[in-house]
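Trainee: This structure is in structure tokens; I'll ask about it shortly.
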Amino acid sequence: MRLRILHLNQVLAVFCMTVLIGCGATQDLRRRQYSRGFQSLSRDEQSLASEGKVALGMPPLAVYIAMGAPLKNGNDMSMPVVPQQGMDRWHYRGTLEKRNESHEPNWIRFLSRFEGVVARPADVNYLVVEFTNGRVAKLWLMSREYEVLEIWR
């Protein structure tokens with residue numbers, strides 16, 4: 001019995017370390033995965049994407065590097081999917097961490113639930129990233145009940 005408990009503790013320790021290491025490195029992993037495309041982004045876009053921030057005017061690749069894959073159907077139960085050509089709205093579920101509206105570029109940092117975020121249900125929101133002509137045109141922050149809280153255009 002003692003051996004089983006020890007084994008379970010070791011498994012939990014490895015799992016926790018994997019989660020903790022993975023949470024901080026997701027932008028880095030996506031940046032390396034799409035290194036050619038990342039190099040084609042402007043310096044501002046590279047910097048923002050590397051820090052997990054999204055700004056108006058960013059191309060889809062920069063948003064993907066910053067935020068990861070959007071939800072498949074834009075609802076709670078859907079899993080992330082690799083964005084496809086023609087997806088004009090990407091949906092994320094998580095929490096708004098911070099924003100900068102004091103100078104250009106205006107950006108927000110939204111922590112997706114698939115980026116290792118654990119939030120109280122009351123803190124959970126949705127972020128909709130809307131693209132027009134291959135660039136972020138609007139960012140919609142919505143409540144759990146899908147009420148629009150803020151829009152950045």
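Trainee: When you scan the range 1-82 for helices (runs of 4 or more DSSP H) that lie fully inside it, which ones turn up with 1 or more residues that are at pLDDT 85 or above and exposed (fewer than 10 other Cβ atoms within 10 Å of the Cβ)? Give the steps one after another, and end with the answer.
Mentor: Numbers: elements: 2-33, 35-40, 43-50, 60-67.
Counting at least 1 such residues, we get 35-40, 43-50.
Trainee: Also, I was wondering about something else. Taking the range 83-129 on its own, how many of its residues are of a type in the set (A, V, I, L, M, F, W, C) and modelled with pLDDT of 70 or more?
Mentor: Step one: filter the range 83-129 for residues of a type in the set (A, V, I, L, M, F, W, C), giving 87, 90, 96, 107-108, 110-111, 114, 117-119, 122, 124, 127-129.
From the residues that got through so far, the ones that are modelled with pLDDT of 70 or more too are 87, 90, 96, 107-108, 110-111, 124, 127-129.
Result for the range 83-129: 11.
The values are calculated or read from the model by the stated rules, or taken from the named source; none is laboratory data. Quick caveat, the model's predicted, so the values are computed rather than measured. No Cβ is skipped: glycine too gets one built from the backbone with ideal geometry, and neighbour counts run over all protein chains shown.
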